[in-house]
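Student: There's a structure below that I have some questions on.
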Amino acid sequence: MARTRAYLARGHSPSRLLDVLANYACRDAAVANGGINLIFAETCAAEFLASRAPEIPMALAKMIAASPKDQGAYNGWAPHLPE
């Protein structure tokens, strides 16, 4: 949360932050967290696009940080992604 706040305080793009957070939300296996990361990321993206409120990406970052982690599947297929 502190890094998210610092990122925004330096004037960086909240839209880019939301993109990065959505990427992290997609990395966790839905089984580990009941898919809530994906649902919340989609909801936050829609709400942020409508309001541009910086609190929205901050809330998403806090939720991702607090959720269980399981990036086993991501670690398996990530090396095959084009750079």
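Student: Between Asp70 and Ala2, take the C-beta separation as r, use R0 = 22 Å, and let me know the FRET efficiency to the nearest 0.05.
Tutor: So the FRET efficiency works out to roughly 0.35.
Student: Pop out the Kirkwood hydrodynamic radius of the chain from its pairwise C-alpha distances, inverse of mean 1/r, in Å to one decimal.
Tutor: Taking every pair of different Cα atoms in the chain, averaging 1/r and inverting gives 13.3 Å.
Student: Let's see if you can work this out: charge +1 on each Lys and Arg Cβ, -1 on each Asp and Glu Cβ, no other charges. What is the dipole magnitude of the chain about its Cα centre, in debye to the nearest 20?
Tutor: 340
Student: Work out from phi, with θ = phi - 60° and the Karplus expression 6.51 cos²θ - 1.76 cosθ + 1.60, the ³J(HN,Hα) of each residue of the range 49-66, listed in order in whole Hz, and give x for Gly and Pro.
Tutor: 4, 7, 10, 6, 6, x, 5, 5, x, 5, 5, 5, 4, 5, 5, 5, 5, 8
Bear in mind that the values in this text are calculations on the coordinates, not laboratory data. If you're wondering where the values come from, they're calculated on a predicted model, not measured in any experiment. Quick reminder, even Gly has a Cβ in these numbers, built from the backbone with ideal geometry, and neighbours come from all protein chains shown.
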